[in-house]
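This report refers to the structure that appears directly beneath it.
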Amino acid sequence: NKKAFVELLFWKSPAIVCEMTKGYSSLQEGEGTTQSRVPPWTPQEEQELRELYWKYKEVEGGDIIAAILAHLPPPGRTRRQVVKQLVRM
């Protein structure tokens, strides 16, 4: 491809670079994306997150997210996932 050099001028993720070098059909659907690695929040998890937030929201001088993470059941979520979900809700 004579115009492939133009693609190199823009930022690429490792998955996209792999796809460029091995061919554009080398990645399967959803492979290499963040969504395939992060399990979605179930309605039960969202409800529990909401309850924990309201429980620990009023605690003075405490880290709300740390308290929520300590009380979330397995599978554990990361701090970033919890914050993102709280903002989304």
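Below, the figures for the structure above:
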quantity	calculated
Which listed residue, of GLU29, GLU60, is at pLDDT below 75, among the acidic types (Asp, Glu), within 19 Å of the chain's Cα centre (by Cα) and part of a loop (DSSP other than H, G, I, E, B)	GLU29
Residue count for region 33-63, restricted to those that are surrounded by 12 or more Cβ atoms within 10 Å (Cβ to Cβ) and not aromatic (Phe, Trp, Tyr)	11
Breaking point among (1) closer than 22 Å to ARG37 by Cα; (2) in contact with a helix residue (DSSP H, G or I) (Cβ under 8 Å, 6 or more places away or on another chain); (3) open to solvent by 40 Å² or more (accessible area, probe 1.4 Å), for VAL87	(2)
Qualifying positions in region 64-75 - open to solvent by 70 Å² or more (accessible area, probe 1.4 Å) and within 19 Å of MET89 (Cα to Cα)	HIS71
Unmet criterion (only one of (1) at pLDDT 75 or above; (2) outside any helix (DSSP H, G or I)) for CYS18	(2)
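The values are calculated or read from the model by the stated rules, or taken from the named source; none is laboratory data. Note that the structure is predicted; figures quoted are calculated from it, not measured. Heads up, the Cβs are rebuilt from the backbone with ideal geometry, glycines too, and the neighbour counts pull from every protein chain shown. In case anyone asks, the SASA skips ligands and DNA or RNA and just uses the protein heavy atoms, side chains included. Shrake-Rupley method; radii C 1.70, N 1.55, O 1.52, S 1.80 Å.
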